[in-house]
Amino acid sequence: MSTTATSTALHSHARSSSLLADYATLFKLRVSTMVIITAAAGFYLGSLRSGISPFHMGLLEALLGIAIVTAGSSALNQALERTTDRLMPRTASRPMAQNRISLAHGLIIGFLCVFGGSLYLAYATNPLTGTLTLLTAVGYVAIYTPLKRITTLNTFIGAFPGALPPLIGWTAARGLIEWPAVALFAILFVWQFPHFMAIGWMYRADYAQAGIRVTATQEPLRDAARSSAIQSLFYAVLMIPVSLWTTWLHVTGLPYAIVAGVLGLWYLYATLRFVRITRNPSDPENRALARQLLKVSVIYLPLLLLAMMLNAQGRLLF
């Protein structure tokens, strides 16, 4: 009897652990973490613009609401893409693709999180923040996700909801959209293109197999390489002046501008290496160049935001 009870308890614990792991995948914790970081930076800078410390309950309330909506958006995204997810090795094990979480289960959680989180933000912060967060979720789930199977323009269109978190963080602190918030939006918007061109090239075979339209899956292959390289290089160059916009707006000072310039040149250098894919697009070594650019992009953004926060409004270490 004791052995049976122990076995049942262990089985129940294993199922609970498995479900928690599935929820972590369903909510895309790594992507959600990046969203929270960028939103926190916007809230921090917006609070300083108001002349108050950013470290108060309002920060936690804003980040909680944004995290809930982000989790819900990820769940709805996987509900829509469960069929294509099965076709790609990197996503085939997702819980909805494998039916470990049912379609109804995922949809209910997704809608509850998106609408519940948006309402919570409207109450805890302000209506503008709640509305913007809801529109971000709608843009990501209802517009960007379906377009991935229709046109390569999905990357450009998807960059708009992808760039909104720091602006939302700013409005959570300030209650209105201002030029510094637009500058934060622009930084994240431009940053995404070399980042996603690298991802697209790394997984172009998977995307092609699943029927997902990205620049890297265009035909012929040489045109795909050329287009990926041109877009990456254009936005990597643009990243340097865009990242300096906050200094021109007196949101950050000279120390940030110096760091942003150095980081921008580093991002550009990694992108110039990625451009080598145009020499021989079928070379398997090109995947390493794409992975290198992806790593630099993932490191670049948090460092840029950290420098921005440390030198906010020209004051080092507020």
Point to revise | Kirkwood-Stokes translational diffusion coefficient of the stretch 20-177, alpha-carbon pairs, 10 °C, 1.306 mPa s, µm²/s | key: 100 µm²/s
Practice item. Can you tell me which of 144-151, 128-135 comes out highest on packing, and rank the rest after it, using the mean Cβ neighbours within 10 Å? Key: 128-135, 144-151
Review point. Roughly speaking, what is the stretch gain from residue 151 to residue 234, that is 0.36 nm per residue apart minus the C-alpha to C-alpha distance, in nm to one decimal?
Key: 27.8 nm
Study note, to complete from the structure: Simple SL model, points at 7 angstrom along Cα→Cβ for residue 283 and residue 131; separation in nm is 5.2 nm
Review point. Using a simple spin-label model with points 7 Å from Cα along the Cα→Cβ vector, what separation in nm is obtained for residue 86 and residue 57?
Key: 4.8 nm
Review point. In nm, to one decimal, how far is the residue 219 label point from the residue 33 one, both placed 7 Å along Cα→Cβ?
Key: 4.0 nm
Point to revise | GNM result for the chain, Cα springs below 10 Å: residue of 57, 202, 34 fluctuating most strongly | key: 57
Check your understanding: So what's the gap between the Cα centers of the stretch 82-98 and the stretch 246-318, to the nearest angstrom?
Key -> 32 Å
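Can you tell me how much longer the chain between residue 50 and residue 269 gets when fully stretched, taken as 0.36 nm per residue apart minus their C-alpha distance, in nm with one decimal? Write down the numbers at each step before the final one.
On the way: separation 219, 0.36 × 219 = 78.84 nm, distance 3.70 nm.
Roughly 75.1 nm would be gained on extension.
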Practice item. State the percentage of accessible surface on the chain attributable to carbon and sulfur atoms; use a 1.4 Å probe and exclude ligands, DNA and RNA. Key: 69 percent
Revision key, fill the gap. What helix-only [θ] at 222 nm does the chain give? Using -39500 (n - 2.57) per DSSP H run of at least 4, over all residues, to the nearest 500, the answer is -24000 deg cm²/dmol
Revision key, fill the gap. Mean separation of Cα contacts under 8 Å (at least 6 apart) over the residue count of the stretch 178-317, i.e. the relative contact order in percent, is 31 percent
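Let me check something: with ligands and nucleic acids excluded, how do 266, 245, 191, 179 order by accessible area (1.4 Å probe), largest to smallest? Before the final figure, lay out the partial values.
Numbers: 266 95, 245 70, 191 20, 179 160 Å².
Descending accessible area places them as 179, 266, 245, 191.
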Check your understanding: With every protein chain in place, what's the accessible area of residue 20 (1.4 Å probe, Å², nearest 10)?
Key -> 120 Å²
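Over the chain, what is the relative contact order in whole percent, taking alpha-carbon pairs under 8 Å and six or more residues apart?
Numbers: 468 pairs, mean separation 54.8, N = 318.
Relative contact order here is 17 percent.
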Revision key, fill the gap. Residues whose modelled amide H sits under 5 Å from the amide H of residue 312, counting only those 5 or more places away in sequence or on another chain, are 317, 318
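Using a 1.4 Å probe, what is the accessible area per residue for the stretch 94-230, in Å²?
Values: 5780 Å² over 137 residues.
Here the residues of the stretch 94-230 average 42 Å² of exposed surface.
The values are calculated or read from the model by the stated rules, or taken from the named source; none is laboratory data. Model, not experiment: these values are computed from the prediction. Cβ coordinates were reconstructed from backbone atoms using ideal geometry, including for glycine residues, and neighbour counts include every protein chain displayed. Ligands, DNA and RNA are excluded from the accessible area calculation, which covers all protein heavy atoms including side chains. Shrake-Rupley method; radii C 1.70, N 1.55, O 1.52, S 1.80 Å.
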